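The values are calculated or read from the model by the stated rules, or taken from the named source; none is laboratory data. This is a predicted model, so every value here is computed, not measured. Note that each Cβ is placed from the backbone with ideal geometry, even for glycine, and that neighbours are counted across all protein chains shown.
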Amino acid sequence: MTLYLTEDDVQRLLPMPEAVAAVEDAMRRQAPGGAVNRPRQRVRFPAGTMHLMGAALPHRDVLGFKAYTAIGRKLRFLVMLYSATDGGPLALLEADHLGQIRTGAASGVATKYMARKDATVVGVIGSGYQAETQVTAMCAVRPVREVRVYSRTPERRKAFAEKMARQLGVAVRDVDTPDEAVKGCHILITATYAREPVFKGELLEKGVHMNIMGGNALIRREIDDEAVRRSDIIVVDSIEQARVESGDLLGPVERGLLSWDNCFELWQVVSGHVRGRRSDDDVTMFKSHGIALWDVAAAAHVYEQAKAKGMGRDLGI
């Protein structure tokens, strides 16, 4: 039986705490070679781009891929999940929400291991749908008491603040400048499509943890060179993928400000091979691009929950 699971199914079956646990487990499994991840491939054509990314989690008996198209301003996401034992198709999932929540969950995992234990103030630059799950994940792993949000459109950031305050039960306020989001925060999130840095690295205070997740293309950049210089540790999801698409890091590497040899992957931190934070004064950075392993881990969890609860539609294949 091959299940078809809709966006509504995914939203019901993938709450943030469970998504964080699924992504964390996948990262830990990656350490001894117990998980396989392949970087994103892009197929470009006149009307747009198709993106393909695959991964395997043998301990959960699953492998799969995410495919999504970007044509005009429309994105369409699907995940196909297979049995790692016999290759049979297990599920086809609509994956817009799945991608949104697994990205937030990954930042949650990074924050769990890299932010100060007493981090309570979150600054976020960007007020789109990705910013929502980023903030939700912070509240799942730290005792957040205040969130400050900045984006270029006052109406959108105000609506974001009101919505997230209702959902999370914490104080969320919109601010008029990025400086107000950065100064005094313990955790800083950037979730934008910016092509130029969205805050001044000189404003970063000791002990802050950054989740830089907006740009996964060479032409996009959310942080300046000073933010790179100030970082005591830089962790990415995949160095192989970062070498291709990290506009935030490729420039500093080319200018001699950073070496890939001094960057680490998230699985190394989760597994204890690398310390994500050595002191309360460290400035730490997680640069997220989004990897297939998170998609497969999240999809596997959704599939298992759907089977247990009798949800989904049988495709008959």
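Looking at segment 223-235, I want the residues that are under 11 Å from K287 (Cα atoms) and have a partner that is basic (K, R) with Cβ atoms under 7 Å, at least 6 apart or on another chain. Which pairs are those?
Pairs that qualify, where the first residue is under 11 Å from K287 (Cα atoms) and the partner is basic (K, R), are I234/K287.
What's the number of the only condition in (1) part of a strand (DSSP E or B); (2) surrounded by fewer than 19 Cβ atoms within 10 Å (Cβ to Cβ) that K163 fails to meet?
So K163 meets the others, but not (1).
Condition (residue is hydrophobic (A, V, I, L, M, F, W, C) and either over 28 Å from A26 (Cα atoms) or under 14 Å from the mean Cα position of the chain (by Cα) (or both)) applied to segment 144-153: is it met by at least one residue?
Yes, because at least one residue in segment 144-153 is hydrophobic (A, V, I, L, M, F, W, C) and either over 28 Å from A26 (Cα atoms) or under 14 Å from the mean Cα position of the chain (by Cα) (or both).
Considering every residue within segment 303-317, establish whether at least one is of a type outside the set (D, E), within 18 Å of the chain's Cα centre (by Cα) and over 19 Å from Q130 (Cα atoms).
The answer is no; no qualifying residue exists.
Test R156 against the stated conditions and say whether it is in the same structural domain as R277 (by TED's automatic domain parsing), surrounded by 15 or more Cβ atoms within 10 Å (Cβ to Cβ) and at negative phi.
Taking the combined requirement at face value, the residue satisfies it.
Return the only residue of A181, A137 being out of contact with any Phe, Trp or Tyr (no Cβ under 8 Å at 6 or more places or on another chain) and at pLDDT 95 or above.
Only one candidate passes the filter, namely A137.
Have a look at A181, A140 and point out the one that is without any contact (Cβ under 8 Å) to a residue 60 or more places away in the chain and either part of a helix (DSSP H, G or I) or within 22 Å of the chain's Cα centre (by Cα) (or both).
Just a single option satisfies the conditions, and that option is A181.
Here are L13, L52, L75, L5: which of them is more than 19 Å from the chain's Cα centre (by Cα) and either outside the structural domain of Q241 (by TED's automatic domain parsing) or closer than 13 Å to Y303 by Cα (or both)?
Residue meeting the stated conditions: L5.
What number of residues within segment 184-199 are without any contact (Cβ under 8 Å) to a residue 40 or more places away in the chain and closer than 12 Å to I125 by Cα?
The total comes to 3.
Looking at R157 and the list (1) in a helix (DSSP H, G or I); (2) within 24 Å of L203 (Cα to Cα); (3) touching a residue at least 60 places away in the same chain (Cβ under 8 Å), which single condition is not satisfied?
(3) is the only condition that R157 fails.
One residue is enough: does segment 293-310 have a residue meeting the conditions over 21 Å from D96 (Cα atoms), among the charged types (D, E, K, R), surrounded by fewer than 17 Cβ atoms within 10 Å (Cβ to Cβ) and not assigned by TED's automatic domain parsing to the domain that holds F65?
So far as segment 293-310 goes, no, none of its residues is over 21 Å from D96 (Cα atoms), among the charged types (D, E, K, R), surrounded by fewer than 17 Cβ atoms within 10 Å (Cβ to Cβ) and not assigned by TED's automatic domain parsing to the domain that holds F65.
Taking segment 220-244, which residues are part of a loop (DSSP other than H, G, I, E, B), surrounded by fewer than 18 Cβ atoms within 10 Å (Cβ to Cβ) and under 19 Å from the mean Cα position of the chain (by Cα)?
Once the filter is applied, which keeps residues that are part of a loop (DSSP other than H, G, I, E, B), surrounded by fewer than 18 Cβ atoms within 10 Å (Cβ to Cβ) and under 19 Å from the mean Cα position of the chain (by Cα), segment 220-244 yields only R220.
Tell me whether segment 85-97 contains one or more residues that are part of a helix (DSSP H, G or I) and closer than 24 Å to F199 by Cα.
No, every residue in segment 85-97 fails to be part of a helix (DSSP H, G or I) and closer than 24 Å to F199 by Cα.
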